[in-house]
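Comments concern the structure below.
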Amino acid sequence: SASGKYTYIGFCSLNSLECLQEFEYLKYFYHKHGKYLDIIVIIPESEKDMITGFAYENSIPWKFWYSLSEKSMFRDYKIRGFPVFYLTDKE
């Protein structure tokens, strides 16, 4: 990553109970290891209007992205369900 940190990339839906549970764990993980780690969670474009309020109400410190080309991005990463996470190295 450009920041010299590891990047934890997640694919989630705000409608998935498993994702919401994972977010609670990620908050702990981020506060403990945030100086070494960036977290980016990619959500379906259909949820883009919900994310600002959701992140604020739940004190979520990481970035959420959505993509107009979400279907190809989800296909490229072989996403068939939620949540899915990948840890990338510093490069």
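The values are calculated or read from the model by the stated rules, or taken from the named source; none is laboratory data. Nothing here was measured: the structure is a model prediction, and the numbers come from that model. We place every Cβ from the backbone using ideal geometry, glycine too, and count neighbours over all the protein chains shown. Just the protein is used for accessible areas: all its heavy atoms, side chains included, with ligands, DNA and RNA removed. Shrake-Rupley method; radii C 1.70, N 1.55, O 1.52, S 1.80 Å.
Per-residue 3J(HN,Hα) values for the stretch 12-18, derived from phi via the Karplus relation 6.51 cos²θ - 1.76 cosθ + 1.60 with θ = phi - 60°, read 9, 10, 5, 8, 9, 4, 4 Hz in sequence order (x marks Gly and Pro). For the stretch 26-33, 3J(HN,Hα) computed residue by residue from phi via the Karplus equation (6.51, -1.76, 1.60; θ = phi - 60°) reads 4, 4, 4, 4, 5, 5, 7, 10 Hz, glycine and proline entered as x.
Which entries of Lys35/Lys90; Lys48/Lys90; Lys63/Lys90; Lys32/Lys78; Lys32/Lys63 show an alpha-carbon separation above 22 angstrom in the structure shown? Exceeds cut-off: Lys48/Lys90; Lys32/Lys78. Per residue, the solvent-accessible area of the chain (1.4 Å probe, heavy atoms of protein chains only, all protein chains present) comes to 66 Å².
With all protein chains in place and a 1.4 Å probe, the accessible surface of the stretch 1-53 carries 54 percent carbon and sulfur. The dipole here belongs to the chain: it is taken about the Cα centre, uses +1 on the Cβ of Lys and Arg and -1 on the Cβ of Asp and Glu, and is about 260 debye. In this entry, the chain is assigned a mean projected area of 5.9 nm², taken as a quarter of its C-alpha convex hull surface.
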